[in-house]
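What follows is a short report on a single structure.
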Amino acid sequence: MRIIVKYIVLLLIMLMAGSCGDPKPSPGPDNHSKVNFAKGADVSWADPGKQNKPAAWVNLPFEELKGALVSHTIEILEALKGEGISPEWVQVGNETSDGMLWEYGRASVNMKNYTDLHNAGYRAVKEVFPEAKVILHIDRGDSGAHYNWLLDGMALHAAQYDVIGMSLYPDPNNWQYVNEACLINMKELIGKYNKDVMICEVGMSWDQPEICKGFLIDLIDKVLEKTDGRCLGVLYWEPQGFVNWSHYTKAAFDNTGRPTVALDAFKD
């Protein structure tokens, strides 16, 4: 099977010591692949329930923490530029549904602090790649109430972002409802905030490939055809991470390391 890669997601995770290592990712398999760079500010995997500070930043006062975020972002993006990689989009954090760099940046505790951190990352991105679009990435794309809570709260503090990013991980038995709810949420957000949207992460149990394919076809059709061109795309998160290798259960490869039919949904 020949797979044509149109989009690549690079995820940076800071190490326990606070070092980012030496990031030298190679460009995609052809010069037309677009890059979404997801920069998580955490010691390991950042998700809605885990947004801790890197070890090197734990004791920093808030203003110094913000400065460290800016410096680190610029350092990494300059490294990408030095390798000839220009990201189309950059996420400031990963699934920051309750902020990032807790506790200072926990949105439910201090929305202003979180917005200030996010805006600092936004400005750092634009300093290196002025044309890159900055994504504000939130999970539960079918939950309009949560998106409105976070985005309304951030708007009070002049949040800066270009794209609203979503994650969507339905179960095999509820994907029809989840897709419809996601589309409703997406259209309402576009109308309210006048921002483009993107499905930055999507997935389903690897052992339900036919159902997953149906879910993806329906989702892609809905969000690309019914949003007046405001949805920029749908990305499957870690499709190659099959269980026997990565223990990730929502990939789209089987345990022989081959793509399942789920990925046929992305064929033109």
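Annotations
- Share of pairwise Cα separations in segment 199-242, more than 16 Å, in percent: 39 percent
- FRET efficiency estimate (nearest 0.05) - Cβ-Cβ, Ala155 to Gln176, R0 30 angstrom: 0.40
- Beta-bridge orientation, segment 162-268: approximately 10 percent antiparallel, per DSSP, counting only bridges with both partners inside.
- Counting beta carbons within 10 Å around each of Trp149, Trp245 and listing the fewest first gives the order Trp245, Trp149.
- With contacts taken as Cα pairs under 8 Å at a separation of at least 6 residues, segment 162-268 carries a relative contact order of 28 percent.
- Listed pairs Lys50/Lys126; Lys53/Lys250; Lys126/Lys250; Lys66/Lys222; Lys53/Lys192; Lys81/Lys226 exceeding 30 Å between Cα atoms: Lys126/Lys250; Lys66/Lys222; Lys53/Lys192; Lys81/Lys226
- Taken about its Cα centre, segment 42-127 carries a charge dipole of about 180 debye when Lys and Arg each add +1 at the Cβ and Asp and Glu each add -1 at the Cβ.
- Pairwise label distance in nanometres, Ala145 with Tyr248, each label 7 Å out on the Cα-Cβ vector: 3.1 nm
- Of the trypsin sites (Lys or Arg not before Pro) in segment 157-255, the ones in a loop by DSSP (not H, G, I, E or B) with at most 14 other beta carbons within 10 Å are Lys226.
- Net charge of neighbours whose Cβ lies under 13 Å from the Cβ of His157, counting Lys and Arg as +1 and Asp and Glu as -1: -1
- In segment 133-185, Cα pairs under 8 Å separated by at least six residues give a relative contact order of 57 percent.
- Charging the Cβ of each Asp and Glu at -1 and of each Lys and Arg at +1, and nothing else, the dipole of segment 162-268 about its Cα centre rounds to 160 debye.
- The residue among Ser167, Val92, Leu117 whose Cα reaches farthest toward the positive pole of the charge dipole of segment 90-186, with charges on the beta-carbon of Lys, Arg, Asp and Glu, is Leu117.
Bear in mind these aren't lab numbers, they're just calculated from the coordinates by the rules spelled out. A quick note: this is a predicted structure, and the numbers were derived from the prediction, not measured. Counting neighbours? That spans all protein chains shown, and the Cβs are built from the backbone with ideal geometry, glycine included.
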